[in-house]
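Notes follow once the structure below has been shown.
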Amino acid sequence: MNLAPLDALWVYLSASPLLHLLLTLVAFLLATAINRLARGASLAHPVLVSIALIIAFLWLTDTDYPTYFEGAQFIHFLLGPATVALAVPLFDHLDRVKQMLWPLLTACCVGIVTAVTTTLGLSLALGAHTQVALSLAPKSVTSPIAMGIAEKLGGIPSLTAGLVLLTGTLGCVLGPVVMRLAGARDDTVKGFTMGLSAHGIGTAFCFSSVSTLAGAFAGMSMGLTGLLTAFIVPPIVRLFGF
(Lines give C-alpha, C1' and ligand atoms only; values in the text may rest on other atoms or scores of the structure.)
Protein backbone atom coordinates (compact mmCIF):
# COMPACT_ATOMS: atom_id res chain seq x y z
CA MET A 1 0.00 0.00 0.00
CA ASN A 2 1.39 3.39 -1.04
CA LEU A 3 1.43 5.69 1.99
CA ALA A 4 3.28 8.54 0.29
CA PRO A 5 0.12 10.68 -0.24
CA LEU A 6 -0.77 10.32 3.43
CA ASP A 7 2.77 11.27 4.46
CA ALA A 8 2.63 14.31 2.20
CA LEU A 9 -0.74 15.31 3.67
CA TRP A 10 0.60 14.98 7.23
CA VAL A 11 3.67 17.10 6.39
CA TYR A 12 1.38 19.78 4.96
CA LEU A 13 -1.02 19.74 7.91
CA SER A 14 1.68 19.64 10.58
CA ALA A 15 3.22 22.79 9.13
CA SER A 16 -0.03 24.70 9.66
CA PRO A 17 -0.91 26.09 13.09
CA LEU A 18 -4.58 25.47 12.26
CA LEU A 19 -3.99 21.73 12.70
CA HIS A 20 -3.83 22.02 16.48
CA LEU A 21 -6.80 24.37 16.61
CA LEU A 22 -8.76 21.76 14.67
CA LEU A 23 -7.37 19.01 16.93
CA THR A 24 -8.67 20.81 20.04
CA LEU A 25 -12.14 21.33 18.59
CA VAL A 26 -12.43 17.75 17.30
CA ALA A 27 -11.17 16.35 20.62
CA PHE A 28 -13.82 18.30 22.53
CA LEU A 29 -16.59 17.20 20.16
CA LEU A 30 -15.53 13.57 20.55
CA ALA A 31 -15.26 13.97 24.32
CA THR A 32 -18.77 15.47 24.44
CA ALA A 33 -20.12 12.51 22.48
CA ILE A 34 -18.34 10.08 24.81
CA ASN A 35 -19.79 11.88 27.82
CA ARG A 36 -23.31 11.51 26.39
CA LEU A 37 -22.75 7.80 25.79
CA ALA A 38 -21.57 7.53 29.41
CA ARG A 39 -24.80 9.32 30.50
CA GLY A 40 -22.93 12.27 31.93
CA ALA A 41 -20.62 10.23 34.17
CA SER A 42 -18.16 12.44 36.06
CA LEU A 43 -15.17 10.31 35.04
CA ALA A 44 -16.11 10.93 31.40
CA HIS A 45 -16.26 14.71 31.79
CA PRO A 46 -15.60 16.35 28.37
CA VAL A 47 -12.66 18.38 29.69
CA LEU A 48 -10.96 15.31 31.15
CA VAL A 49 -11.55 13.19 28.04
CA SER A 50 -10.42 16.02 25.74
CA ILE A 51 -7.15 16.34 27.63
CA ALA A 52 -6.53 12.60 27.37
CA LEU A 53 -7.24 12.62 23.62
CA ILE A 54 -4.97 15.59 22.95
CA ILE A 55 -2.14 14.17 25.05
CA ALA A 56 -2.42 10.86 23.19
CA PHE A 57 -2.29 12.64 19.81
CA LEU A 58 0.72 14.77 20.79
CA TRP A 59 2.54 11.71 22.12
CA LEU A 60 1.83 9.62 19.01
CA THR A 61 2.93 12.40 16.66
CA ASP A 62 5.91 13.44 18.82
CA THR A 63 4.65 17.02 18.98
CA ASP A 64 5.92 19.29 21.76
CA TYR A 65 3.60 21.53 23.75
CA PRO A 66 4.88 24.91 22.41
CA THR A 67 4.12 23.72 18.86
CA TYR A 68 0.62 22.65 19.88
CA PHE A 69 -0.02 25.89 21.78
CA GLU A 70 1.00 28.00 18.80
CA GLY A 71 -2.01 26.71 16.93
CA ALA A 72 -4.43 26.39 19.86
CA GLN A 73 -3.70 29.78 21.45
CA PHE A 74 -6.84 31.30 19.89
CA ILE A 75 -8.94 29.11 22.18
CA HIS A 76 -6.74 30.20 25.09
CA PHE A 77 -7.49 33.81 24.16
CA LEU A 78 -11.22 33.09 24.27
CA LEU A 79 -10.97 31.98 27.92
CA GLY A 80 -11.09 35.63 28.96
CA PRO A 81 -14.34 36.51 27.17
CA ALA A 82 -15.84 33.16 28.20
CA THR A 83 -15.12 33.90 31.86
CA VAL A 84 -16.64 37.37 31.59
CA ALA A 85 -19.71 35.85 29.89
CA LEU A 86 -20.42 33.90 33.09
CA ALA A 87 -21.83 37.16 34.43
CA VAL A 88 -24.78 36.92 32.03
CA PRO A 89 -26.60 33.97 33.69
CA LEU A 90 -25.62 35.37 37.08
CA PHE A 91 -27.35 38.67 36.22
CA ASP A 92 -30.50 36.70 35.41
CA HIS A 93 -30.56 35.50 39.03
CA LEU A 94 -29.45 38.79 40.61
CA ASP A 95 -32.32 38.93 43.12
CA ARG A 96 -31.39 35.53 44.49
CA VAL A 97 -27.73 36.57 44.73
CA LYS A 98 -28.69 39.63 46.79
CA GLN A 99 -30.76 37.50 49.17
CA MET A 100 -27.92 35.03 49.76
CA LEU A 101 -24.90 37.34 49.49
CA TRP A 102 -23.66 37.22 53.10
CA PRO A 103 -24.16 33.47 53.60
CA LEU A 104 -22.35 32.86 50.31
CA LEU A 105 -19.44 35.15 51.23
CA THR A 106 -19.16 33.42 54.61
CA ALA A 107 -19.23 29.98 53.00
CA CYS A 108 -16.60 31.08 50.48
CA CYS A 109 -14.20 32.33 53.17
CA VAL A 110 -14.69 29.21 55.30
CA GLY A 111 -14.12 27.02 52.23
CA ILE A 112 -10.90 28.81 51.31
CA VAL A 113 -9.50 28.66 54.85
CA THR A 114 -10.41 24.97 55.14
CA ALA A 115 -8.87 24.09 51.77
CA VAL A 116 -5.62 25.97 52.38
CA THR A 117 -5.08 24.90 56.00
CA THR A 118 -5.78 21.21 55.33
CA THR A 119 -3.54 21.27 52.26
CA LEU A 120 -0.62 22.89 54.07
CA GLY A 121 -1.16 20.74 57.15
CA LEU A 122 -1.11 17.50 55.16
CA SER A 123 1.89 18.71 53.18
CA LEU A 124 3.86 19.34 56.37
CA ALA A 125 2.74 16.04 57.89
CA LEU A 126 3.88 14.11 54.81
CA GLY A 127 7.20 15.92 54.63
CA ALA A 128 6.61 17.80 51.38
CA HIS A 129 9.26 20.25 50.17
CA THR A 130 8.49 23.91 50.90
CA GLN A 131 8.08 24.77 47.21
CA VAL A 132 5.69 21.88 46.71
CA ALA A 133 3.58 22.92 49.72
CA LEU A 134 3.42 26.51 48.48
CA SER A 135 2.44 25.26 45.02
CA LEU A 136 -0.39 23.24 46.58
CA ALA A 137 -1.82 26.09 48.66
CA PRO A 138 -3.84 27.87 45.90
CA LYS A 139 -4.89 24.68 44.04
CA SER A 140 -8.63 25.29 44.46
CA VAL A 141 -8.86 28.43 42.30
CA THR A 142 -8.79 28.84 38.55
CA SER A 143 -5.40 28.34 36.87
CA PRO A 144 -4.35 31.94 35.99
CA ILE A 145 -5.02 33.19 39.53
CA ALA A 146 -3.57 30.09 41.18
CA MET A 147 -0.36 30.32 39.15
CA GLY A 148 0.03 34.01 40.02
CA ILE A 149 -0.48 33.33 43.73
CA ALA A 150 1.96 30.39 43.68
CA GLU A 151 4.62 32.52 41.98
CA LYS A 152 4.27 35.29 44.58
CA LEU A 153 4.47 32.76 47.43
CA GLY A 154 7.61 31.14 46.02
CA GLY A 155 5.94 28.03 44.63
CA ILE A 156 6.19 26.47 41.17
CA PRO A 157 3.48 27.88 38.85
CA SER A 158 3.65 25.00 36.35
CA LEU A 159 3.15 22.49 39.17
CA THR A 160 0.24 24.53 40.48
CA ALA A 161 -1.41 24.46 37.04
CA GLY A 162 -1.32 20.66 37.04
CA LEU A 163 -2.65 20.51 40.59
CA VAL A 164 -5.50 22.87 39.69
CA LEU A 165 -6.48 20.55 36.85
CA LEU A 166 -6.34 17.53 39.16
CA THR A 167 -8.41 19.35 41.80
CA GLY A 168 -11.09 20.29 39.27
CA THR A 169 -11.26 16.75 37.91
CA LEU A 170 -11.54 15.18 41.37
CA GLY A 171 -14.13 17.79 42.31
CA CYS A 172 -16.31 16.77 39.35
CA VAL A 173 -15.92 13.09 40.21
CA LEU A 174 -16.46 13.30 43.97
CA GLY A 175 -18.57 16.47 44.29
CA PRO A 176 -21.89 15.03 43.05
CA VAL A 177 -21.41 11.95 45.26
CA VAL A 178 -20.72 14.04 48.37
CA MET A 179 -23.69 16.34 47.72
CA ARG A 180 -25.97 13.36 47.15
CA LEU A 181 -24.85 11.82 50.44
CA ALA A 182 -25.32 15.18 52.18
CA GLY A 183 -28.84 15.49 50.77
CA ALA A 184 -28.14 18.75 48.90
CA ARG A 185 -31.00 19.38 46.44
CA ASP A 186 -30.87 23.14 45.88
CA ASP A 187 -29.10 23.96 42.59
CA THR A 188 -27.79 27.16 44.18
CA VAL A 189 -25.96 25.14 46.81
CA LYS A 190 -24.74 22.57 44.29
CA GLY A 191 -23.41 25.23 41.94
CA PHE A 192 -21.73 27.35 44.60
CA THR A 193 -20.08 24.27 46.12
CA MET A 194 -18.76 23.04 42.77
CA GLY A 195 -17.40 26.47 41.84
CA LEU A 196 -15.70 26.76 45.23
CA SER A 197 -14.09 23.33 45.17
CA ALA A 198 -13.61 22.61 41.45
CA HIS A 199 -13.29 26.13 39.88
CA GLY A 200 -13.72 26.29 36.07
CA ILE A 201 -14.12 22.56 35.46
CA GLY A 202 -16.78 22.38 38.16
CA THR A 203 -18.55 25.39 36.64
CA ALA A 204 -18.61 23.75 33.20
CA PHE A 205 -19.94 20.57 34.82
CA CYS A 206 -22.78 22.51 36.46
CA PHE A 207 -23.82 24.17 33.20
CA SER A 208 -23.75 20.91 31.26
CA SER A 209 -25.02 18.41 33.86
CA VAL A 210 -27.01 20.30 36.52
CA SER A 211 -28.73 23.54 35.45
CA THR A 212 -28.16 27.12 34.33
CA LEU A 213 -28.89 28.27 37.90
CA ALA A 214 -26.20 25.97 39.27
CA GLY A 215 -23.79 27.14 36.57
CA ALA A 216 -24.45 30.79 37.38
CA PHE A 217 -23.69 30.32 41.07
CA ALA A 218 -20.68 28.14 40.27
CA GLY A 219 -19.29 30.97 38.13
CA MET A 220 -19.91 33.44 40.94
CA SER A 221 -18.22 31.13 43.44
CA MET A 222 -15.23 30.62 41.14
CA GLY A 223 -14.73 34.38 40.79
CA LEU A 224 -15.15 35.11 44.50
CA THR A 225 -12.83 32.26 45.46
CA GLY A 226 -10.13 33.52 43.12
CA LEU A 227 -10.42 37.07 44.43
CA LEU A 228 -10.54 36.21 48.14
CA THR A 229 -7.86 33.52 47.96
CA ALA A 230 -5.31 36.12 46.86
CA PHE A 231 -5.87 37.93 50.17
CA ILE A 232 -6.46 34.96 52.50
CA VAL A 233 -3.65 32.59 51.47
CA PRO A 234 -0.57 34.75 52.33
CA PRO A 235 -1.47 35.23 56.03
CA ILE A 236 -2.24 31.50 56.41
CA VAL A 237 1.08 30.60 54.77
CA ARG A 238 2.88 32.87 57.26
CA LEU A 239 1.04 31.21 60.16
CA PHE A 240 2.44 27.87 59.01
CA GLY A 241 5.95 29.30 59.13
CA PHE A 242 6.69 29.40 55.39
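Tabulated results
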{"item": "Accessible surface, the chain, averaged per residue in Å² (probe 1.4 Å)", "result": "57 Å²"}
{"item": "Equivalent ellipsoid semi-axes, the stretch 39-184, via Cα gyration tensor eigenvalues times 5, rooted, Å", "result": "28, 23, 18"}
{"item": "Helical mean residue ellipticity (222 nm; -39500 (n - 2.57) per DSSP H run of 4+; nearest 500) of the chain", "result": "-28000 deg cm²/dmol"}
{"item": "Heavy-atom accessible surface of the chain: percent carbon and sulfur, 1.4 Å", "result": "72 percent"}
{"item": "Local electrostatic count, PHE217, Cβ distance below 9 Å [Lys/Arg +1, Asp/Glu -1]", "result": "+1"}
{"item": "Intensity falloff of the stretch 14-107 expressed as log10 I(q)/I(0), Debye formula with alpha-carbon point scatterers, at q = 0.14, 0.15, 0.18, 0.20 Å⁻¹", "result": "-0.71, -0.77, -0.91, -0.99"}
{"item": "The chain: DSSP helices with Cα axial extent of at least 30 Å and average Kyte-Doolittle hydropathy no lower than 0.0", "result": "94-125, 157-182, 212-239"}
{"item": "Reachable lysines from LYS98, criterion Cα separation under 29 angstrom, eight or more residues apart if same chain", "result": "LYS139, LYS190"}
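The values are calculated or read from the model by the stated rules, or taken from the named source; none is laboratory data. In this text, all values refer to a predicted model and were calculated from it rather than measured experimentally. Please note: Cβ atoms are built from the backbone with ideal geometry, for glycine as well, and neighbour counts cover all protein chains shown. Only protein heavy atoms, including side chains, enter the accessible area calculation; ligands, DNA and RNA are left aside. Shrake-Rupley method; radii C 1.70, N 1.55, O 1.52, S 1.80 Å.
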